[in-house]
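Report on the following structure.
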Amino acid sequence: MKPAKYKDLTAEEQEWIDAYADGTISAEDFESLEDRMIESAELRAVMRRYLSLDNSLQNEASGIDAGDDASPWVKLVEMEDGKASKRIIGFPSFGPMAAAAAVAFLLGSGWMYWQAKPTVSPGKNEGADMARTNPNEPSAEGFAVVGRLFDASWADGQTQRREGDILSSEVFELASGTAEIQFFSGATMTVEGPAEISLHSAWEAECREGAVRMKVPPAARGFILQAPSTEIVDLGTEFGLKVRDGEGHVEVFDGEIEFHHQEEGKRLVTIGGAWELPSDGGAEAVAAGMVDYPDADRMGSQTDRQRQTDFELWKSHRDALAEDDRLIAYYTFDRSNGEKLIPNLARPRDGGFDGAVVMAEKVDGRWPGMKEALEFRRPGSRVRVNIPGEFPAFTFMTWVRIDALDRWYSALFLGDGYENGEPHWQIRDDGQLMLSVMVDDTYVYPKNPNKKAAGLAKIYFSEPIWDQSMSGEWMHITSTFDPANRSVAHFVNGKEITREAIEDKFLVDKLHIGNGEIGNWGLPHREDPTFAIRNLNGRMDEFAIFKVALSAEEIASLFERSRAGKR
C-alpha cells in the first residue's frame, strides 16, 4: 500500500518517478518531470525522498541482515522458491542539505548525465580495479608536458605548441627560441631552436638536431638521451648536448653520465667533462665551456622583464579601450584593498554598473604578481551586475582560464530571468561555446503545453574549443549577436571559428540585460533555495560587453593588443 504522503501524486507523476528509479524513463518524460518539478515544491519533496531511498539501497546492496539491525525501510522476504528478496516497506527521511543537493543534481544534471548513472555498486574489494578500468573515467595520453616557452616560434606546417600542452610519442620541432619540456619521470629538458627532438617515453628521448640542457633528479636517474651514433645514460645530473648536422657535443655540468658512442665501450663522464661525438669517428675529449647551452632559469629572468613590459602595454590598451563609446561594461577584476565591488571601467564611469563579488576568490591573472583575476570554483561564486537599457546588438569578450568543464553548463555571462532580449553565454561540458537570446518568454511548445519555463530561443553553438588537455590555459573568447546582419559568430584567440545565420523565427532586435551574473547563474528564489550548479570552474581576468557586433578584424586586434607573450 502506498504511504499516505505519496497519495497526492498524479498517476502520470508516479509513472515518471517509477520509470526514473527503474532506469527506463524516456527523454521526453524526463523533460516533463523536470518541468513539473520546477513548478511544484511538493513534487520536489517527493523526489528528494525517492533519491534518498535509491542512495540508501545502493549502500545496502552488498548485503543486508534481516535481524534487529536491518534497514527500517528494507527487509528480506522469503520467496516461494526459498530464495530471499529485498522489499521496500517504508521511505526514509533525511537532512535538508542532502535533499537540496539531490534535487539540484537532478534539475542541473539533466538527461545526459542520468543516462550514465551506474547500476551496480562495487563490492568491498572492487573499488581500486574499477578506478583503473572505468571506461567513463577522464583520461589523457602522454608522458611529458610543455613547460615555459621563451620567444618560441614554429615553422609553417609545424605544430604550434603552448605552455601546458601534453606530449606523447612524437617529434617536437622548434624553429627558434627556447622551450622547456618536463617529463613525467621528473627529468627536465630545455631546448633551443632550431631543434628536432624525438620523444619516446617518460624515460627516453632523442636529439636529432639542436641544443638541449638536461636536469635529471634522483627520481629520474637512468633517463636515456639518444644522439646520432651515441646513447647517453644520465646517472642523476645536469648536462648539455648539442647536435648540428649529425655531429654531437656533450658536456657535464654536475654529477655524472655514461655514454656509448659508435662501437666503442661505455665511458663515464663526471662534472666538467666534455666530449666531441663525430658521426664518422671515435669520441674525443675536449675542453669544457666551448658550447653555449640553453638555460631555462636564465631565460626565466629575461622573461620576467618581458612580462613586465607586456603588462605595461596591456595597461595602455586597457585605458584606451575604456574610452570606446561602444562599450556597455568593462571589468578587469582588479580591486583596491579587497573591495567587494568590481569597477566598471567603461567611460563615462557609472558606479551603478559596478559588479558585486559573491564568494569568487582573488587569484593571479595572466601576469602573476601584477594583475588580479577572480576564480569561480565554488558553486556559489559569482559577480552580480545590473545593466539597464536597450541595445541593438551584443559583443561579449573575456580572457578566461578553464580548469575543468565538470558540470553540464559552465557560465560566462547570463541574464537572471532569461526574459525577452536577454542573453545567456556559456560553455557546454563538451567544450562548445553557447550563445542564445530569448525571443519570446511566453511561448508554449505545441507538443508539450506544460513546458512554460524555456520559452522560444535558439542556442548558437560553436565547434568544441576546449578539452581537458587545455586545463589552466588562458584563452580569449568572443561571441557576437548581430540582429542587423542576422548572424551570430564565435571567436577564440582572435580567430573566427563559427558563424550562423539568425532565422526569421528567432530574430530579436531589442536586446536587454538588467540583472545578470558573470561566472555563474541561478539566483535562488525566496520560496525555494534550489539553484542549478553552473559556476565556471576556472578564472577570469578581463570581461567586456559592447552594444555593437564587432567585426572579425576588430576582434583579432583586441586579442593581439591584450594578450600576454610574444606579439
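No value in this document is a laboratory result; all are computed from the given coordinates. On a predicted model such as this, the values are computed, not experimentally measured, just so you know. Ideal geometry is used to build each Cβ from the backbone, glycine not excepted, and the neighbour counts take in all protein chains shown.
Points worth noting:
- Potential extension, Glu553-Arg499 segment - 0.36 nm per residue separation minus Cα distance: 18.0 nm
- Sites Lys362 and Ser316 - FRET efficiency at Förster radius 30 Å, r taken between beta-carbons, to 0.05: 0.80
- Using 0.36 nm per residue and subtracting the Cα-Cα separation, the extra length available between Ser176 and Leu341 on full extension is 55.0 nm.
- Full-stretch length increase - Ala404, Ser487 - with 0.36 nm per residue and alpha-carbon distance subtracted: 26.9 nm
- Close amide H contacts of Gly248 (hydrogens built in the peptide plane, cut-off under 5 Å, sequence separation of 5 or more or a different chain): Leu277, Ser279.
- Ranked packing of 533-545, 30-42, 207-219, most packed first, by mean Cβ within 10 Å: 533-545, 207-219, 30-42
- Computed E for Lys266/Asp430 - FRET, C-beta separation, R0 51 angstrom, nearest 0.05: 0.45
- Around the amide H of Phe172, modelled in the peptide plane, lie the amide H atoms of Ile197, Ser198, Leu199, all under 5 Å away and 5 or more residues distant in sequence or on another chain.
- Ser487 long-range amide H proximity, modeled H, under 5 Å: Asp482, Ile502
- Take the Kirkwood radius over Cα pairs of the range 325-562, plug it into Stokes-Einstein at 20 °C and 1.002 mPa s, and you get 119 µm²/s for translational diffusion.
- Cβ-Cβ FRET estimate between Asp509 and Arg244, R0 fixed at 56 Å, reported to 0.05: 0.35
- The charge dipole of the range 225-378, taken about its Cα centre with unit charges on the Cβ atoms of Lys, Arg (+1), Asp and Glu (-1) only, comes to about 1220 debye.
- Close Lys pairs in the range 325-562 (alpha-carbon distance under 17 Å; sequence gap of 8 or more, or different chains): 6.
- Loop-located GluC sites (Glu not before Pro) across the range 385-490 with a Cβ neighbour count of 12 or fewer within 10 Å are Glu390, with loop assigned by DSSP.
- Cα shape, the range 236-335, gyration tensor, a/c 1.5 rule: prolate
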